[in-house]
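The values are calculated or read from the model by the stated rules, or taken from the named source; none is laboratory data. Model, not experiment: these values are computed from the prediction. A quick note on method: Cβ atoms are made from the backbone with ideal geometry, for glycine too, and the neighbour counts reach across all protein chains shown.
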């Protein structure tokens, strides 16, 4: 598949839809406009790639709705060069948006099938996260902490405390919290022991799974 003028036109329309839903950060909108979402999906879904909807990918996972990707990214309030931990690489679409915003991205995927597929895709497309790891995102990445931002792309029943410990002072954790529907939650680390919690409405994600071993 290629990225054609038709695809770019469809992305422009998608950005208009997302902006109409109150995404205001121009850099985030420009990143959505720049990343060819159809290349992250099975070719049978190409005609649907620029609808503002989630779609199935491998290992019973989904590629997130573009609005959701934009919403979570906007909540991070990124600066170029920020060190970001992404939990749940999936198709790599969210990763690519973060890379377009010049973040230094460390990303973890626990589904081996997806990890292998997305790893090959990143190499083919020239997307270069700082680290792409097969492992348990529930544990974060303590050896690379602290992070300016942590973004979780799966629904967690509660906020993993280990992730809070990996935030820099002033850093932000963006995580959907809940069992069926999730509440998009932002935790800001104000000091060593003080955290501020903000909530931003209801979303629906695949569950964040924890390895038990």
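Laid out as a table, the results:
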| item | result |
| --- | --- |
| Selected residue [closer than 24 Å to residue 114 by Cβ and touching a strand residue (DSSP E or B) at 6+ places or on another chain (Cβ under 9 Å)] from 39, 99 | 99 |
| Selection within segment 23-46 - modelled with pLDDT under 85 and either in a strand (DSSP E or B) or touching a helix residue (DSSP H, G or I) at 6+ places or on another chain (Cβ under 7 Å) (or both) | 46 |
| Those residues of segment 140-170 which are within 16 Å of the chain's Cα centre (by Cα), farther than 17 Å from residue 65 by Cα and part of a strand (DSSP E or B), in sequence order | 147, 148, 149, 150, 156 |
| Residue ranges of helices (runs of 4 or more DSSP H) in segment 47-129 with at least 3 members under 11 Å from the mean Cα position of the chain (by Cα), touching a residue at least 60 places away in the same chain (Cβ under 8 Å) and within 20 Å of residue 182 (Cα to Cα) | 66-76 |
